[in-house]
Amino acid sequence: MHTPYRGRFAPSPTGDLHLGSLLSAVASYLQARRHNGQWLIRIEDIDPPREIHGSAAGIVKDLQTLGLQADEAVSYQSNNTAAYRQAVTHLLVSAKAFRCSCSRKQLKNAPVYPGNCRKLQLDACAVRLKVATRQLTVIDLLQTTREYALAENIGDFIIWRADDLPAYQLAVVVDDAAMGITEVVRGCDLQDSTPRQLYLQECLGLPQPDYLHIPLLTDKNGRKLSKRDNDDPLNRLQPQAAIRLALQLLGQQPPLEISDLDKLWDWAIAHWQVRNIPLQFPTSSIRGLGC
Ligand code: GLU
């Protein structure tokens, strides 16, 4: 384990905090508190077309109401564009990345990027990272270890978008390093981003945090719980009940007699056990929540 521990919750402001994202927030928060570490909030607001006005402020306020206190001021990726540009320039200059003019349509049927622009010197806006032909192993603190063949399974991936915005993979890696994050706790929907991020860290010479992916909360149709889901139990629960529910889903068993939010957090920090997190959330229990 890296010390001192620094963890983070990094929501995109594309809607309200919902039960699925709350689980990542709670798990990352408890990991940090359990390790006497620090917990930070980073708003990933680098995708204006997907952003929902007021969502960032709403998420920050909800986290506060639910008793998740960050140790530093909330950071916003939109303030960091210069650092992302610097990183992408470094990768281009060192020939670890290349400009790409391929359209979505052109790549429609390709399972991974076929390398069309790899050897060209284009003036295009989009930039891809050149991946090496080798294996990359991802060790997860909860999930089973995964092996990726970089070229075959992942291919050269976008690190700067055609609409001149930094890609998620690049921004996350630059910020996790700048914020000194030692462990990333997030949902399983991002599990396949991890090999990309580990590879980018290698290319940029950045330290590598540990990773822990918690299962994904799905609706009754097996889809990831959406931020716009009106059935989200968070809409109707008091803070204490919402945190109790999150803890139960995460496999923790808070005693029924604790009815105070602060006391519930004290209990959760003292008793937090990663090994009790289920590998999958039982669909039946989610159904019972009305999702
Ligand atoms: N911003 C991402 C999301 O809301 C999470 C990024 C991360 O935790 O690495 O899905």
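Just so it is clear, none of the values below were taken in a lab; they were calculated from the coordinates. What you see is a predicted model, and the numbers here were worked out from it, not measured in a lab. Here the Cβ is made from the backbone with ideal geometry for all residues, glycine too, and neighbour counts use every protein chain on show.
What is the magnitude of the charge dipole of region 112-188 about its Cα centre, with +1 placed on the Cβ of each Lys and Arg, -1 on the Cβ of each Asp and Glu, and no other charges, expressed in debye to the nearest 20?
It comes to approximately 300 debye.
How much length, in nm to one decimal, is gained on full extension between Thr81 and Ile52, taken as 0.36 nm per residue of separation minus their Cα-Cα distance?
Working: separation 29, 0.36 × 29 = 10.44 nm, distance 1.96 nm.
Stretched fully, the Thr81-Ile52 segment lengthens by 8.5 nm.
Specify whether the C-alpha gyration tensor of region 80-178 places it in the rounded, prolate or oblate class, a ≥ b ≥ c being the square roots of the eigenvalues: rounded for a/c under 1.5, otherwise prolate if a/b is larger than b/c and oblate if not. Show your work: numbers first, answer last.
Details: a/c = 1.84, a/b = 1.17, b/c = 1.57.
Oblate, since a/c reaches 1.5 and b/c is not below a/b.
Only helical DSSP H runs with n ≥ 4 go in: add -39500 (n - 2.57) per run for the chain, normalise by residue count and round the 222 nm mean residue ellipticity to 500 deg cm²/dmol.
Values: 8 runs with 90 residues, N = 291.
Helix-only estimate at 222 nm: -9500 deg cm²/dmol.
Which shape class applies to region 1-98: rounded if a/c is under 1.5, otherwise prolate when a/b exceeds b/c and oblate if not, where a ≥ b ≥ c are the square roots of the Cα gyration tensor eigenvalues? Walk me through the intermediate numbers first.
On the way: a/c = 2.52, a/b = 1.35, b/c = 1.87.
It is oblate, given that a/c is not under 1.5 and a/b is not larger than b/c.
What FRET efficiency, computed as 1/(1 + (r/R0)^6) with R0 = 35 Å and r the Cβ-Cβ distance, is obtained for Asp164 and Val112, rounded to the nearest 0.05? Working shown, then result.
On the way: r = 24 Å, r/R0 = 0.68.
Working from the Cβ atoms, E equals 0.90.
Taking the Cα atoms only, what angle lies between the long axis of helix 239-249 and the longest principal axis of the chain, rounded to 10 degrees?
Roughly 70 degrees between the two axes.
Provide the per-residue ³J(HN,Hα) series for region 171-180, in order, calculated from phi with Karplus coefficients 6.51, -1.76, 1.60 and θ = phi - 60°, each as a whole number of Hz, with x at glycine and proline positions.
Karplus values, whole Hz, x for Gly and Pro: 4, 4, 5, 4, 6, 4, 5, 4, 8, x.
Averaging the inverse of every distinct alpha carbon separation and then flipping it gives the Kirkwood radius. What is it for region 151-280, in angstrom units?
Values: mean 1/r = 0.0569 Å⁻¹.
Taking every pair of different Cα atoms in region 151-280, averaging 1/r and inverting gives 17.6 Å.
Can you sort Thr89, Thr218 by how many other beta carbons sit within 10 Å, fewest first?
Values: Thr89 13, Thr218 16.
Placing the least packed residue first, the sequence is Thr89, Thr218.
Order these peptides, 180-190, 254-264, by their mean beta-carbon neighbour count within 10 angstrom, highest first. Don't skip to the end; give the middle numbers.
Working: 180-190: 20.5, 254-264: 12.5.
Per-residue mean Cβ counts within 10 Å order the peptides as 180-190, 254-264.
Taking θ as phi - 60°, what are the ³J(HN,Hα) couplings along region 70-84 by the Karplus curve (6.51, -1.76, 1.60), each to the nearest whole Hz, with x for Gly and Pro?
After applying 6.51 cos²θ - 1.76 cosθ + 1.60, I find 7, 8, 9, 4, 4, 9, 10, 4, 4, 7, 10, 4, 4, 5, 5 Hz.
List the lysines whose alpha-carbon lies under 30 Å from that of Lys96, not counting same-chain residues fewer than 8 positions away?
Lys105, Lys108, Lys119, Lys130
Can you sort Leu198, Leu91 so the residue with the fewest Cβ neighbours within 10 Å comes first? Don't jump to the answer; show the numbers that get you there.
Working: Leu198 19, Leu91 22.
Going from sparsest to densest Cβ surroundings: Leu198, Leu91.
Report Rg (one decimal) and Dmax (nearest whole number) for region 169-241, counting Cα atoms only, units Å.
Final numbers for Rg and Dmax: 15.9, 46 Å.
Based on the alpha-carbon gyration tensor of region 196-272 and its eigenvalue square roots a ≥ b ≥ c, which shape applies: rounded if a/c is under 1.5, prolate if not and a/b is larger than b/c, or oblate?
Numbers: a/c = 2.92, a/b = 1.49, b/c = 1.97.
Because a/c hits 1.5 or more and a/b fails to exceed b/c, region 196-272 counts as oblate.
Determine how many Å³ per residue the convex hull of the Cα atoms of the chain encloses.
Output value, Cα hull per residue: 138 Å³.
Give, rounded to the nearest 20 debye, the magnitude of the charge dipole that region 1-149 has about its Cα centre when Lys and Arg contribute +1 at Cβ and Asp and Glu contribute -1 at Cβ.
Details: 19 positive and 11 negative charges, 171 e Å.
Dipole of region 1-149, to the nearest 20 debye: 820 debye.
Measuring from label point to label point, each 7 Å out along Cα→Cβ, what is the Thr144 to Leu120 span in nm?
4.1
Quick one: what are the phi-derived ³J(HN,Hα) couplings along region 18-24, Karplus 6.51/-1.76/1.60 with θ = phi - 60°, whole Hz, x for glycine and proline?
Going residue by residue, I get 10, 4, x, 6, 4, 4, 5 Hz, with x marking Gly and Pro.
Check Leu122: other-chain or 5+ apart residues with amide H under 5 Å from its amide H, H built from backbone geometry?
Correct list: Arg99.
How many angstrom separate the Cα center of region 62-119 from the Cα center of region 6-39?
Comparing the Cα centres of region 62-119 and region 6-39, I get a distance of 21 Å.
Okay, which of region 149-177 sit inside 17 Å, backbone N to the point 7 Å along the Cα-Cβ direction of Arg104?
Only 158-168 fall inside the zone, counting backbone N under 17 Å.
Roughly how many debye, to the nearest 20, is the charge dipole of the chain about its Cα centre, given +1 on each Lys and Arg Cβ, -1 on each Asp and Glu Cβ, and no other charges? Write out the running numbers ahead of the final one.
Details: 32 positive and 30 negative charges, 181 e Å.
Computed about the Cα centre, the dipole is about 860 debye.
Please list, in chain and number order, the residues 5+ apart from Asp210 or on another chain whose amide H is under 5 Å from its amide H, with Hs placed from the backbone.
Distant-sequence amide H within range of Asp210: Glu183, Val184.
If I stretch the segment between Ala178 and Gln273 completely, what's the gain in nm (0.36 nm per residue apart, minus their alpha carbon distance), one decimal? Walk me through the numbers on the way to the answer.
Working: separation 95, 0.36 × 95 = 34.20 nm, distance 2.83 nm.
Fully extending the segment from Ala178 to Gln273 adds 31.4 nm.
With only alpha-carbon atoms in the gyration tensor, what are the semi-axes of the equivalent ellipsoid for region 1-49, in Å, largest first? Each step should come with its number before you reach the end.
Values: eigenvalues 111, 33, 7 Å².
Its equivalent ellipsoid spans semi-axes of 24, 13, 6 Å.
Taking the number of other C-beta atoms within 10 Å as the exposure measure, put Ser94, Ser28, Ser75 in order starting with the fewest. Write down the numbers at each step before the final one.
Numbers: Ser94 10, Ser28 25, Ser75 19.
Result, fewest neighbours first: Ser94, Ser75, Ser28.
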